[in-house]
Amino acid sequence: MNMKHFSFRLIFGIFSILVLLTSCKGSIKKAKSNAKGPLPDKNVQGQILNVTIETTVESLDQEIATDGVSFEVIGNLVDGLMQMAEDGSVVNAIAEKMELSPDGLIYKFTLRKDAFWSNGDPVTAHDFVYGWQRACSPELKADYSYLMSDIAHIKNAVAVRTGLMDLNQLGVRALDDYTLEVELEVPVSFFEQLLYFVTFYPANQKFIESCGDNYGKSTEYYLSNGAFILEDFKAGGSTISMKKNTAYYDAAKVKLGGLKYEVIKNRQEAYSKYKAGQLDLIEVSGDLVAQVRTSPEFKTIASGYLWYISPNTLVKDLANVNLRKAMTFALDREHITKTVLADGSEATYTPVPSNFAFNSQGKDFTTNTMEFPQYCSYNPTLAKQYYAQAQKELGKRTFTFTMVADDTDTQKDVARAIKKQLETELPGFTLNLNFIQKSKRLKAIGAGEYEITLTRWGPDYADPMTYLAMWVTANEYNYGRYSNSTYDAIVTNCNDGELATKPAERWTAMKQAEEIIMKEAVILPLYQQCNSDMIRPGVKGIAFHPVGISRIYKLASK
């Protein structure tokens, strides 16, 4: 369906109110009654951009979402304080002005007064306070709440998350309707970059509370304030449609009439629909790349996603570091990237990918693809040596594990290549494969209910800590349940210890932390994703980002 944002004439305004009244259990009436801003306009001009995604979206709740596809959809529906510009810099969105105290601890944001939710309510400082408090709520148990405490270091966030302090003691407050004050515990040099990430988006309290557990799960239970508004969505569905928001403060820059996402897991099916003119943007890989590489519509686009294997260290045999080392040395990453994927993705041998985090001198945190060959490379001889040592230590000759992976064509191909390599280089090693829906896989590995998984992580902000913080003891995304007190101390010192305000020393310490992850084979890095896309002629202005939200369509045209 078309994706437009409409500011109704009276009859349509009355109709939309009646729909909302019946959809969110009556209490929306109260939330709706104070609406003063413009409502969406029915008559929207512009083309609909048709895009394919490989996984379903289970929730558009900005505090609950945990995967890159959901982040992309949310990021095109809702604005936060800041946005990422086309060149990757941070620019104002809902924030009109920002002031920072001399000690780097107190931010004051003046908000624009022409930003509205899609029910007509103004976006205010209170929405940010509620959204951030909600993200830290012990009851919600949001996976990304650690960004508020461990990364952004908002005052009292740790105590609030753990229930030791009330939500209203979180260091964020509305000085008035359009002035937001945020207090940090230590200066955070990349704090502004965090503000374009979905966890830091505002939330309309009355509306969300009226929706109960349904918020973010279907069209009638969702509000937008961004370039587009939701037109058709149901959790786990095969399509998502959104319309241009004509009441958007920056609507003059939005050329599209809307967006339509279609979930297609089979890449050949997506390509067939692209050739038939039914899709404007698809990703291709493997054999398809060879077919389309010479086409002027073929584009390669760098991504910050790191794909890796995560062994569950609570599984007895996988707790053995020599077995994990045997596995990492048995993997031919170049074969996976050049033959299996063939989409421009690059083999990687570190837990922090390249080309997204740079120090003040412009030095990339990851300067080349093999910084720790003594810990991670394709070396069958070393693989067999570590394997023999693990067999001796564990008192067994054979091992059987199950690796869970996404049920998309691309990840099936990669998983099968991993299985073949491990079973070939490590005699007696058997790797069974279990392909399931991504949302189910994430739920299982988040609960630690797995042995080995093929997974990925994309940078939420441009600092190495977006990766390194994952392997701290008890971090929500420490899927393998790794625990090392020395590692924890280094990360803590870099985040809110004495190194937090010493960039050069912090950089060195983070490299030390990275080496621990490699030495212990906590994860087995595989490749840094590069998307090979087919983009229909005439489609312009899509902003592709390796950090935060991968694709933004605000300035796109067709």
Query raised in the report: Any idea which of (1) touching a residue at least 40 places away in the same chain (Cβ under 8 Å); (2) open to solvent by 50 Å² or more (accessible area, probe 1.4 Å); (3) not hydroxyl-bearing (Ser, Thr, Tyr) is the one residue 390 doesn't satisfy?
Result: (2)
**Report entry** Sole residue being of a type in the set (A, V, I, L, M, F, W, C) and within 30 Å of residue 220 (Cα to Cα), chosen from 164, 170, 140
**Finding:** 140
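Residue-wise test of (1) open to solvent by less than 40 Å² (accessible area, probe 1.4 Å); (2) more than 12 Å from residue 182 (Cα to Cα); (3) among the β-branched types (Val, Ile, Thr).
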{"position": "80", "(1), (2), (3)": "yes, yes, no"}
{"position": "91", "(1), (2), (3)": "no, yes, yes"}
{"position": "94", "(1), (2), (3)": "yes, yes, yes"}
{"position": "102", "(1), (2), (3)": "no, yes, no"}
{"position": "111", "(1), (2), (3)": "yes, yes, no"}
{"position": "118", "(1), (2), (3)": "yes, yes, no"}
{"position": "121", "(1), (2), (3)": "yes, yes, no"}
Query raised in the report: Only one residue in 201, 196 is closer than 30 Å to residue 551 by Cβ, out of contact with any Ser or Thr (no Cβ under 8 Å at 6 or more places or on another chain), modelled with pLDDT of 95 or more and not aliphatic (A, V, I, L, M), so which one is that?
Result: 201
Requested in this report: Spot the failing condition for residue 122; the list is (1) under 29 Å from residue 468 (Cβ atoms); (2) at pLDDT 95 or above, and only one is missed.
Outcome: (1)
Query - Which listed residue, of 303, 310, is in a strand (DSSP E or B) and at pLDDT below 95 - result: 303
Query raised in the report: Can you name every residue in segment 458-487 that is open to solvent by 10 Å² or more (accessible area, probe 1.4 Å), of a type in the set (A, V, I, L, M, F, W, C) and either in contact (Cβ under 8 Å) with a residue 60 or more places away in the chain or touching a Leu at 6+ places or on another chain (Cβ under 7 Å) (or both)?
Result: 462, 472
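So that you can scan it fast, the table gives a plain yes or no per residue for (1) at pLDDT 95 or above; (2) of a type in the set (Phe, Trp, Tyr); (3) open to solvent by less than 30 Å² (accessible area, probe 1.4 Å); (4) within 20 Å of residue 311 (Cβ to Cβ):
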{"position": "498", "(1), (2), (3), (4)": "no, no, no, no"}
{"position": "509", "(1), (2), (3), (4)": "yes, no, yes, no"}
{"position": "521", "(1), (2), (3), (4)": "yes, no, yes, yes"}
{"position": "525", "(1), (2), (3), (4)": "yes, no, yes, yes"}
{"position": "545", "(1), (2), (3), (4)": "no, no, yes, no"}
Report task. Sort out which residues of segment 45-67 are open to solvent by less than 10 Å² (accessible area, probe 1.4 Å) and either under 14 Å from residue 228 (Cα atoms) or in a helix (DSSP H, G or I) (or both), and write them in order of number. Result -> 49, 60
Query raised in the report: In this structure, does residue 490 turn out to be within 22 Å of residue 333 (Cα to Cα), of a type in the set (A, V, I, L, M) and either open to solvent by 10 Å² or more (accessible area, probe 1.4 Å) or without any contact (Cβ under 8 Å) to a residue 60 or more places away in the chain (or both)?
Result: no
**Report entry** Matching residues, segment 217-251, being buried (at least 24 other Cβ atoms within 10 Å of the Cβ), among the basic types (Lys, Arg) and more than 10 Å from residue 118 (Cβ to Cβ)
**Finding:** 244
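Condition check: open to solvent by 10 Å² or more (accessible area, probe 1.4 Å), closer than 30 Å to residue 252 by Cβ, touching a residue at least 12 places away in the same chain (Cβ under 8 Å) and part of a helix (DSSP H, G or I). Does residue 73 satisfy that?
The answer is no for residue 73.
The values are calculated or read from the model by the stated rules, or taken from the named source; none is laboratory data. Computed from a predicted structure; not experimentally measured. All Cβ positions, even for glycine, are placed from backbone atoms using ideal geometry, and neighbour counts span all protein chains on display. With ligands, DNA and RNA removed, areas are computed over all heavy atoms of the protein, side chains included. Shrake-Rupley method; radii C 1.70, N 1.55, O 1.52, S 1.80 Å.
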